[in-house]
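Note sheet for the following structure.
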Amino acid sequence: MTSPLPKKQRTSEVSEQQQQISQEEHVLEQQQHQISQEEHVLEQQQQQEHEMDLSCYEEDMQRELVSAADMDLACYEEDMKHELGATEAQDLIAAYIILMTKQLPPIDTKNINQAIRVKIIETMLSSEMAIQYPHATHLGVDIYDRYFGSFPPNGQPPLKPETVISIALFIAVKYVYGITKPLTFQFHIRNVESELEILQSFQYKLYHPTTKDFVDIFLTIDKTTHEEMKKELLYITDLSLLDVQCSGFLPSLMAGACVFLAMFVVNPTKCPQMELPFDYIGNLKIPVQILHQLYTEKALTPVLSIPDYYFG
C-alpha cells in the first residue's frame, strides 16, 4: 500500500485544478461574450438592411405620391398658404402623403356577421369608454373587422365578438391616447394573450389611417366648410362604422364618399362638386349608396334619392 501524498502537495494539486477550472470558465465566458457581440453585430446589420429597404420603399412611394399630391393640391395650395401659413400647409401635405402610404388593403368582409356586428358596434359607440375616448373608436372598429376578416369561411375565431370589441377599443385607446396606469384599469377585459392574437391578425400594423383621419384632413384644409356641412360630415363618418361593407373600401375612398353624401344632404338639388386634398381609387357610387341607405334608415325626415347622373 502506497503512502498518501503529503498534505502540502495535495493542497497544491487541488489549487492547480481549481485554477485550471477557473481559467476554462474564463475562456468559456470570453467565447460566450464574443458570440454575443457577433450576434449583436449581425442583428444591427440586419436592422440596418431592413431600415434601408424600408426607407427605399417609403422614399419611392413618397416620390410617387408627392407628384400626385402636387397635382391634387394645386387648387388648394395657394389658398392654404394664404390662410394657414406655408409651414402648416406643408405639414398637412406631408401628413396626407404619409397617410396615403400607410393605408392597409380593404378588409375581406364576407365572413363577418353583420347582424352581430352592428349590435356590438352600436353598444360600443354608446359606451362610456367610447364617449371618453372618441378619437379611438374608428381604429377600434377597424381592429375588430381585421381580426374577424382574417379567418377563412369555415374558420372559428376563438374570441367572442364582445371580447374582441372591448380589447380592440382598449388597443386603439392605448395607441391614440398613450398608455397610463389609470387608463388600463378602466377596461374590464385586459388579456395580453388575446391582445397579441388580435394584433397578429394584421401583423401589428397599428399605424394605418382610418376614414376619420382623411375626413379630418379635409376639414382642416377646406376652410370654406360651414357648420351644417361639418356636422353632417362627422355624423356620416361615424355612421359608416355601422355597416361592415364600408370596411371593404380604402379609407380614402370612404372619406370621399362621406364628403359627397354630406354635400348632397346639405344641398340635394345640386350635384356635389368635390376637389379633395387626397387621392381615392375606385368609384364613389357604391360606397355613397351604402352610406345613403344608412343615413335614410336613421333619418327622422325623408331623404331624397341621389340621381345616377350625379356620379358622372
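The values are calculated or read from the model by the stated rules, or taken from the named source; none is laboratory data. These numbers were taken from a predicted model, which means no experiment stands behind them. Note that we place each Cβ from the backbone using ideal geometry, even for glycine, and neighbour counts take in every protein chain shown.
Within the range 171-193, which residues are surrounded by 19 or more Cβ atoms within 10 Å (Cβ to Cβ) and either small (Gly, Ala, Ser) or modelled with pLDDT under 85 (or both)?
172
What single numbered condition from (1) farther than 15 Å from residue 225 by Cβ; (2) surrounded by fewer than 24 Cβ atoms within 10 Å (Cβ to Cβ); (3) modelled with pLDDT of 90 or more fails to hold for residue 257?
For residue 257, the failing item is (2).
So for the range 103-116 (the condition being out of contact with any Pro (no Cβ under 8 Å at 6 or more places or on another chain), in a helix (DSSP H, G or I) and more than 30 Å from residue 221 (Cβ to Cβ)), does at least one residue qualify?
So far as the range 103-116 goes, yes, one or more of its residues are out of contact with any Pro (no Cβ under 8 Å at 6 or more places or on another chain), in a helix (DSSP H, G or I) and more than 30 Å from residue 221 (Cβ to Cβ).
Restricting the range 194-222 to residues that are surrounded by fewer than 12 Cβ atoms within 10 Å (Cβ to Cβ) and in contact (Cβ under 8 Å) with a residue 40 or more places away in the chain, which is farthest from residue 100 (Cα to Cα)?
Within the range 194-222, the match that is farthest from residue 100 (Cα to Cα) is 205.
Residue-wise test of (1) under 25 Å from residue 109 (Cβ atoms); (2) in a loop (DSSP other than H, G, I, E, B).
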position: 214; (1), (2): yes, no
position: 225; (1), (2): no, yes
position: 229; (1), (2): no, no
position: 233; (1), (2): yes, no
position: 260; (1), (2): yes, no
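Let me spell it out: the conditions are (1) under 15 Å from the mean Cα position of the chain (by Cα); (2) under 23 Å from residue 236 (Cβ atoms); (3) modelled with pLDDT under 90; (4) not acidic (Asp, Glu), and residue 135 meets all of them except one. Which number is the exception?
For residue 135, the exception is condition (3).
Which of the numbered conditions does residue 239 fail, given that it passes all the others? Conditions: (1) crowded, with 24+ Cβ neighbours inside 10 Å; (2) part of a helix (DSSP H, G or I).
(1)
Using the structure shown, decide if residue 151 is among the hydrophobic types (A, V, I, L, M, F, W, C) and either touching a strand residue (DSSP E or B) at 6+ places or on another chain (Cβ under 7 Å) or assigned to a loop (DSSP other than H, G, I, E, B) (or both).
Considered against the rule, which asks whether it is among the hydrophobic types (A, V, I, L, M, F, W, C) and either touching a strand residue (DSSP E or B) at 6+ places or on another chain (Cβ under 7 Å) or assigned to a loop (DSSP other than H, G, I, E, B) (or both), residue 151 comes out as yes.
State whether the residues of the range 122-135 include one that is over 20 Å from residue 176 (Cβ atoms) and either part of a loop (DSSP other than H, G, I, E, B) or in contact (Cβ under 8 Å) with a residue 60 or more places away in the chain (or both).
Yes.
When you look at residue 249, is it in contact (Cβ under 8 Å) with a residue 60 or more places away in the chain and either assigned by TED's automatic domain parsing to the domain that holds residue 137 or not basic (Lys, Arg) (or both), yes or no?
Criteria met by residue 249.
Being over 20 Å from residue 268 (Cβ atoms) and under 17 Å from the mean Cα position of the chain (by Cα), is that true of even one residue in the range 226-238?
Within the range 226-238, one or more residues are over 20 Å from residue 268 (Cβ atoms) and under 17 Å from the mean Cα position of the chain (by Cα).
Among (1) in a loop (DSSP other than H, G, I, E, B); (2) more than 22 Å from residue 133 (Cα to Cα); (3) not aliphatic (A, V, I, L, M), where does residue 264 come up short?
Just one mismatch for residue 264, condition (1).
Looking at this structure, is residue 98 modelled with pLDDT of 85 or more and either in a helix (DSSP H, G or I) or of a type in the set (Val, Ile, Thr) (or both)?
It is false that residue 98 is modelled with pLDDT of 85 or more and either in a helix (DSSP H, G or I) or of a type in the set (Val, Ile, Thr) (or both).
Limited to the range 119-154, what total is found for residues that are basic (Lys, Arg) and loosely packed, with under 15 Cβ neighbours inside 10 Å?
1
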